[in-house]
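For reference, the structure discussed in these notes is given below.
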Amino acid sequence: MAFQKAVKGTVLIGGGAIATVFGLSQFSQYRNKHGTFVNVQAAEAVTVPIKNHFPTREEQILALQTTCEFDVLVIGGGATGCGCALDAVTRGLKTALLERDDFSSGTSSRSTKLIHGGVRYLQKAIMKLDFEQYRMVKEALQERANLLEIAPHLSAPLPIMLPVYKWWQLPYYWFGIKLYDLVAGSQCLKSSYVLSKSRALELFPMLRKDKLVGAIVYYDGQHNDARMNLAIALTAARYGAATANYAEVLRLLKTTDPGSGKERVCGARCRDVLTGQEFDVKAKCVINATGPFTDSVRKMDDQEVPNICQPSAGVHIVMPGYYSPDNMGLLDPATSDGRVIFFLPWEKMTIAGTTDSPTDVTSHPIPTEEDINFILNEVRNYLSVDVEVRRGDVLAAWSGIRPLVTDPNSKDTQSISRNHVVAVSDSGLVTIAGGKWTTYRAMAQDTIDAAIQAHNLNAGSSKTIGLQLQGAEDWSPTLYIRLVQDYGLESEVAQHLASTYGDKAYEVAKIAQVTGKRWPIVGKRLVSEFPYIEAEVIYGVKEYARTAVDMISRRTRLAFLNVQAAEEALPRIVDIMGKELNWSEQKKKEELEAAKKFLYYEMGYKVKSDQLTDSSEISLVPSDIERYKKRFHMFDKDKKGFITILDVQRVLESISVQIDEKTLHDILNEVDLNKNGQVELIEFLQVGCSPCCFFKLMSAIQKGHVSGSRLAVLMKTAEENLGQRVVIPVDRSGGGL
C-alpha cells in the first residue's frame, strides 16, 4: 500500500515538470527520427574505398616515411585520436596517426566501460538551470545510440539499478531518471521503471535489505573500451589512414608562411620506438589529441602557453562475478564524499568505480590502497550483510587519468570546461581536449571541422554517423553458434570470440590450434578460467600488438580481469609472440619482466604485496600461530625449514590426489614472496622478531585480504583429511590480489 502511495506521489510531483518539457520532447523525437534517416545516408555517402584487410605495421611505417605530405596528422592513439583519423580519412583527406605507446594504452582502456549520457550531469543541469550541461547530456545520449549501432559486437544496453532507501527519494529519483529517458527521445534504449522492494531483491539478491523501499532501473550502454578503441583504429587503417603505434613525436616541424611571415606547424619529427629509426612526417594540419598529455604537445608548439589540462585520477577494481547479477548494474548516487560509484557486471566479473582525485600526469598511473578501500567501503554500504566484501576478492585494480580542461578560448580560463574543447593556436596546431569516451565521434567531427576551416582543406561533411566499425558488418547475435558448429570451439570460447572480434572471429577460429581432445576440437586456452585462446595471440600480432603488455591488457583483457591469471598466461604469450615477431631469448626475457612490472605497479599487484609485508596486518592469536606451525611441519617432514613442490606432492600422494607439476608450481608461487621456488622457514618465522610472512598471509586470509590461496586450502584440507581418500579442490575460487 505504501509503495503504491509513493508511486502515485511520484506521478503528481513529476507530472507538472514533465509537462513543461513535453514540447521539447516531441521536437526531440521528431529530430531524432529524421536524424536516423540522415545517419544511414551519411554512412552510405563514404566514397573512400575500404580494404578487406588492414596493412601490416611495417607497411604503415613505410607509408609514413614515403608520403610527401599528408592533409592531416593526428598525434594520439586513444579513442579521440583514432576517431579523428577515421573522420578525416572517410572525408577523403590523406591521414596519418602517430601513437608513442599502443592504441588505447592510456585513459581509453581504463574507463568504467559505460557508454552513457551522464545521469549526474543531467541532475546538475536541472538543479542549476545549466543549458551547457543539458546540451552535453543530449549529445552524449545521441552518441550512445550511434555507438551501440556501429559496434554491436562490442557493446550492449545494460540495465542499472538505483536502490532507494528513503520514501521521499523515490519520486525524486524517478523524476530525474524519466527526464533522462525524455532527453534521449526516440533513442532511449529502454524505458526506465520502478521496482518494489521484493522485486528489486529478486533481480539483485545481493542488495542490502534493511530500510530498502524500492528501486528504479534505467538503461545505459556498456562496451569493451580497449577493443572499441582498437576497432576505430583498424577501421581507419582499412580506409587508408597511415596509423602506427609505438611511433613517438619528438618535436613539431614548422615553416614560415610566405604570405603572413608567421611560423606554421607543418608536421612532426618522430621515432619508431621499436627500431629507433627517426623520420619526418609532413602534414598541412597537425592535430593534438593526446588526452592527459595535451599540454606537453602544446608546449612543443609554444613553450610559453599556459597549461589547460587538470588531470584527475579515477581508480576501478574488479571483483568476482558473484558480487553482482549477470545482467544488472548498480548506481550509488551519493557516496560518503559526494561522488558516484558504479557497480557493474563486465566480462563475467564485477567492476566497481570510480574515484576522482587530482593527480600528476604520468604514463603509468598506479592505484592506491586508499582508493581501493574507499570503493570497497562504498560497496559494503549497498550489499547485504550476508555478502562479505573482502579485500582479497579484488582481482585487479587500475587507475586512469581523466584530462579535465579549462577552455583557452574562454575569458574565464580558470573554470573547468564540462564539455570538450577545440582550440587552434596561432601557428595552426589544432588541439582537442576534455570530453568523454561516449562522445569521441562528435569530438572528432568538431575537430576535423575546425581543421578544415583553419587550414582550408578540401573536404566535405563528416561521414562517421552510422559508419560501422571493424567486425560489425556481418555480426549477428547467433554468430557464435556457427563458430561452434563449423570449427569445434567451446561455446564459451565461441561467444567470447564473437563478442570481441565480431565477423572477424572466423579469422581467429581458422588459426586456432587443435587441442587433441574429443572436445573442444580446436582452441587451446591461455588460462583455464578464461575463454582467451592461443590463436588470439597470433591474431593480436596482426592487430599491431608488439609487446606482451599489449596482449594481456588490450588485445585480451586478462590483466584487467585477473592479475594472477594474466601472470600465469604470460610465459605462453611471450613464446607465441616470440615466434611471430622473431624475438631473441633476451628479448623474450625482457618482455616477460616488463609485463610483470606492469602487473605489479599498474594493475594492483603492488598494493597487495605491500599489505602482506606490512606488520600492521598481523592479528593472529597464539592458538592460531600454533595451528599454522603444525600445518607447516606436516608438510615439512624432513625439517628442512622450507616447503618445496616435492613436499606438497608427497602429502597429496598420501591422500591419493594427483595434480600436475605446473599447477603445483603456480600454487606455491602464490605465497612464495621472494620467488626462489620454495616457501622458507624465514618466511614463516623471523627469529626474535615479529610473526612471519606466512602468519601475515594467514591473518590476511582470516580478514578477507587474501582469498582462495590454493596452498592455504591444500594445507588446511590435508590436515583435516590426512588418511582419508578425498579429492581436494584446488582451482582458484575467485582468489584475488
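Beyond 23 Å in Cα-Cα separation lie the following of the pairs K504/K524; K138/K436; K51/K504; K124/K209; K517/K588; K166/K348: K124/K209; K517/K588; K166/K348.
Residue-wise HN-Hα couplings along region 260-271, as the Karplus relation 6.51 cos²θ - 1.76 cosθ + 1.60 with θ = phi - 60° gives them from phi, are 9, x, 8, 6, 10, 5, 10, x, 8, 8, 9, 9 Hz; Gly and Pro carry x. Residues whose amide H lies under 5 Å from that of S105, counting only those 5 or more places away or on a different chain, are absent; hydrogens are built 1.01 Å from N in the peptide plane.
A P(r) calculated from all alpha carbon pairs of region 123-189, with 10 Å bins opening at zero, reads 18, 42, 32, 8, 0 percent. Sorted from greatest to least, the principal axis extents spanned by the alpha carbons of region 419-497 come out as 60, 26, 18 Å.
Stokes-Einstein diffusion for region 478-611 at 10 °C, viscosity 1.306 mPa s, with a Kirkwood radius from C-alpha pairs, works out to 104 µm²/s. T80 contributes about 30 Å² of solvent-accessible surface, heavy atoms of the protein only, 1.4 Å probe. Extending 7 Å from Cα along the Cβ direction at N381 and again at T67 yields two label points whose distance is 5.0 nm.
The values are calculated or read from the model by the stated rules, or taken from the named source; none is laboratory data. Being a predicted model, the structure only gives us computed values, none of them experimental. Neighbour counts are summed over all protein chains in view; Cβ atoms, including those assigned to glycine, are modelled from backbone coordinates with ideal geometry. Side chains included, ligands, DNA and RNA excluded: accessible areas come from the protein's heavy atoms. Shrake-Rupley method; radii C 1.70, N 1.55, O 1.52, S 1.80 Å.
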